[in-house]
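**Q** First the structure, which I've put down as structure tokens, then a few questions once you've had a look.
The values are calculated or read from the model by the stated rules, or taken from the named source; none is laboratory data. None of the values given here were measured: they were computed from a predicted structure. Here the Cβ positions follow ideal geometry from the backbone for every residue, glycine too, while neighbour counts run over all protein chains shown. Accessible surface areas use protein heavy atoms only, side chains included; no ligands, DNA or RNA. Shrake-Rupley method; radii C 1.70, N 1.55, O 1.52, S 1.80 Å.
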Amino acid sequence: MGDVLIFAEHQGGHFPKTTLTAVNAGLELAKKRGGNAIAVVAGDAPEALAGEIAKYGVSKVIALAHANLKNYVADAHAAALAALVKKAGAEFVLATATAVGKDLAPRLAARLGAPMASEITAINDDGTYIRPMYAGNAMATIELDGPVKVITVRGTAFDAAKPADSAASVEKADAEIDPSAAKTEFVSFNQTKSDRPQLTEARIVVSGGRGLKSGDNFKTVLEPLVDEMGAAMGASRAAVDAGFVPNDLQVGQTGKVVAPELYVAVGISGAIQHLAGMKDSKIIVAINKDEEAPIFNVADYGLVADLFKAVPEMAEEMKKLKHS
Amino acid sequence: MKILVPIKRVPDPATTIRVLPDGSGIATDNVKWVINPFDEIAIEEALRIKEKQGGEVVLITIGQSTWQEQLRTGLAMGADRAILIKNDAALDSLALARILAKVIGDENPELVLLGKQAIDDDSNQVGQMLAEMLGWPQATFASKVEFADKKVTVTREVDGGLETIAFNLPAVVTTDLRLNEPRYASLPGIMKARKKELKEIPADSLGVDLAPKLKIKTLAAPPKRQAGRKVGSVQELVQVLHTEAKVI
Ligand SMILES: Cc1cc2nc3c(=O)[nH]c(=O)nc-3n(C[C@H](O)[C@H](O)[C@H](O)COP(=O)(O)OP(=O)(O)OC[C@H]3O[C@@H](n4cnc5c(N)ncnc54)[C@H](O)[C@@H]3O)c2cc1C
């Protein structure tokens, strides 16, 4: 009882920070519910990666192998994991609410007949959980009832796990996947090329909104500041919808949730859906020409200015600061 | 193609949401109710597929009698008929998916299109749960859906880019923001919608387990962030970030 199976998502042969977050949340959950934290790495040849995650404080790692697990697809992964959960007798399955976590966890829950809590932000001692609803305008205390429970955690609400003194053992398991659960064909992944830090991993995020007016302005006006600050670039939905930047840069209720040390919102009005994705940032800066813009209500430092003047100036100041 | 579109009634996204002082829910006076925006995108996509290929678009919702309003709006956009599964109590995603799976068993659609998440509870679960219960493939967060015979190719908005997957029908697809821009109901559409079939079925007549396994015990307002101060210049901004906030 109380054992937690942590889904260790990997991308392109490595673990993103969000996976280390899942590990840490899984360790916390196992401790609070009196069980062991077991990481599972799924893939066609997951052993090497399993050895990696074994260093992060879990009590065991299972390398779940099957040809159908080469690329992530929901149906095969849900089938393989459900069989493993039953065999291992785990009480909890936990993943971070990344695109993969969000896609997989509910399907797995249904296969297990288990209730699921999405994007929790806290694990309470009394067995309950906290999760945001209504774009973060309400924090719900919830209870899950059943022998097995599925949970995704919000990446910004938990710290990343740190390497432990010793590594856990890795156990190889051949997955069982019924052909009826392997109906999805992975065709391709068109990766957004970028040398910048990942949005969900960066210490500083600079986001642009509709105020930038074009994709060209993102390049010529915003990006020099982004790079001068060594930041990740984000955007509002309006900027993504208008095609200024790729979809995976969207910050907000229905995009990515970020909480960097510094978030700079440029030409973003501060709609509730955008705030839902960044209001837990440590320091928020807003640059907007409209002094009434709601973004100023959450900003630690606001600058009322035309971004086309202020942003290049700021890039210049950053350069000076670096050389001083 | 016969397409089933499950929809939900939610507060208009522009509404300011306030938690009731006793934590039992949110204040609903002055709330304008609308179709969940992602479900609206699902209706639009279903209509476009029907316009190309023929077929039928059936809307379904699980809720109270008042939810008829949103079904009528969807019918006015162009859907053919609607089903209201009447249930007054709150259900969890598992129960909702079970109800949908049951109705789908009777209706036999080839495609189920629904929103990736409802903007009230932000759970992002029902489509995936439904797909599993039906034993169908799923494509969540769709930004493009293409058909060739019975094969569907879906482009998905995922972390770090766009992913493409393919499978044969029947299947479940959940919509993301960039899939399309939903149409407005036209006046003739609204007139026609009044005459379209809207069937009510009591949820407890379906013989599925409705007992919630996820219970919301209480709601609380989130901690409020205090507004800081305005700075006079870019130089000042960079200065305070460096010396006061110490983040650069
Ligand atoms: C279902 C749903 C989901 C949504 N999900 C999200 C989400 O996840 N993320 C998200 O961001 N939004 C989301 N939205 C959209 C959200 O409601 C807003 O429409 C959006 O955030 C607005 O983007 P914006 O601030 O860039 O644009 P606007 O609101 O148009 O603001 C542009 C700002 O730029 C300023 N500006 C213009 N020119 C200049 C200049 N030269 N110098 C300085 N400032 C200037 C203006 O004063 C204004 O404040 C969602 C909406 C819905 C309905």
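**Q** How well do other chains shield peptide A:8-19, expressed as the mean number of their Cβ atoms within 10 Å of each residue Cβ?
**A** The per-residue average across the peptide is 1.
**Q** I've got another one for you. Write down Rg/Rh for region B:2-243, rounded to two decimals, with Rg from the C-alpha atoms and Rh from the Kirkwood relation over Cα pairs.
**A** 1.05
**Q** Also, quick follow-up: Report, in listed order, any pair from A:K17/A:K193; A:K17/B:K144; A:K17/B:K217 with a Cα-Cα distance greater than 21 Å.
**A** Exceeds cut-off: A:K17/B:K144; A:K17/B:K217.
**Q** If you take each beta carbon of peptide B:138-144 and count the beta carbons of other chains within 10 angstrom, what is the mean?
**A** 4
**Q** What are the trypsin sites (Lys or Arg not before Pro) within region A:136-213 that DSSP puts in a loop, where the Cβ has at most 13 other Cβ atoms within 10 Å?
**A** Here the trypsin sites (Lys or Arg not before Pro) that fit, given the DSSP loop and packing criteria, are A:K193.
**Q** Oh, and also: Classify the protein assembly as shown as rounded, prolate or oblate, taking a ≥ b ≥ c as the square roots of the eigenvalues of its Cα gyration tensor: rounded when a/c is under 1.5, otherwise prolate if a/b is larger than b/c and oblate if not.
**A** It is oblate, given that a/c is not under 1.5 and a/b is not larger than b/c.
**Q** Rounded to the nearest 5, what % of the DSSP beta bridges within region B:2-243 are antiparallel ones?
**A** Rounded to the nearest five, the antiparallel share is 40 percent.
**Q** Also: Partner chain Cβ atoms within 10 Å, averaged over the residues of A:293-305 - can you pull that number for me?
**A** That average works out to 5.
**Q** Another question about this same structure. Output the peptides B:140-146, A:77-83, A:90-96 sorted from most to least packed, where packing is the average of other Cβ atoms within 10 Å over each peptide's residues.
**A** My ranking of the peptides, most packed first, is A:90-96, A:77-83, B:140-146.
**Q** Moving on to the next point. Among A:K162/B:K116; B:K2/B:K213; B:K52/B:K150; A:K31/B:K116; A:K256/A:K320, which pairs are too far apart, with a Cα-Cα distance over 22 Å?
**A** Over 22 Å apart, Cα to Cα: A:K162/B:K116; B:K2/B:K213; A:K31/B:K116; A:K256/A:K320.
**Q** I've got another one for you. On a full-extension model of 0.36 nm per residue, what is the gain between B:D22 and B:K199, subtracting their alpha-carbon distance, rounded to one decimal in nm?
**A** Result for the pair: 60.1 nm of gain on full extension.
**Q** What is the calculated FRET efficiency for B:K217 to A:H14, with r their C-beta to C-beta distance and R₀ = 45 Å, to the nearest 0.05?
**A** Efficiency for this residue pair is about 0.70.
**Q** I'd like the FRET efficiency for A:M1 and B:E244, computed as 1/(1 + (r/R0)^6) with the beta carbon distance as r and R0 of 56 Å, rounded to 0.05.
**A** Step by step, r from the Cβ atoms, then E = 0.65.
**Q** A further question follows. Compute a Gaussian network model of chain A, connecting alpha carbons closer than 10 Å, and tell me which residue from A:A97, A:A22, A:A67 fluctuates the most.
**A** Sorting by GNM fluctuation, first place goes to A:A67.
**Q** With the cut-off at 1.5 for a/c, could you classify chain A from its C-alpha gyration tensor as rounded, prolate or oblate?
**A** Because a/c hits 1.5 or more and a/b exceeds b/c, chain A counts as prolate.
**Q** Further, regarding this structure: Go ahead and set up a Gaussian network model of chain A, Cα springs under 10 Å, then flag whichever of A:A99, A:A167, A:A30 fluctuates most.
**A** It is A:A99.
**Q** Related question: Is any residue of region A:244-270 close enough, with backbone N under 17 Å, to a label point placed 7 angstrom from the Cα of B:E181 along the Cα-Cβ axis, and if so, which?
**A** A:244-245
**Q** Same structure again: Can you sort A:Y301, A:Y72, B:Y184 by solvent-accessible area, 1.4 Å probe, largest first?
**A** Descending accessible area places them as B:Y184, A:Y72, A:Y301.
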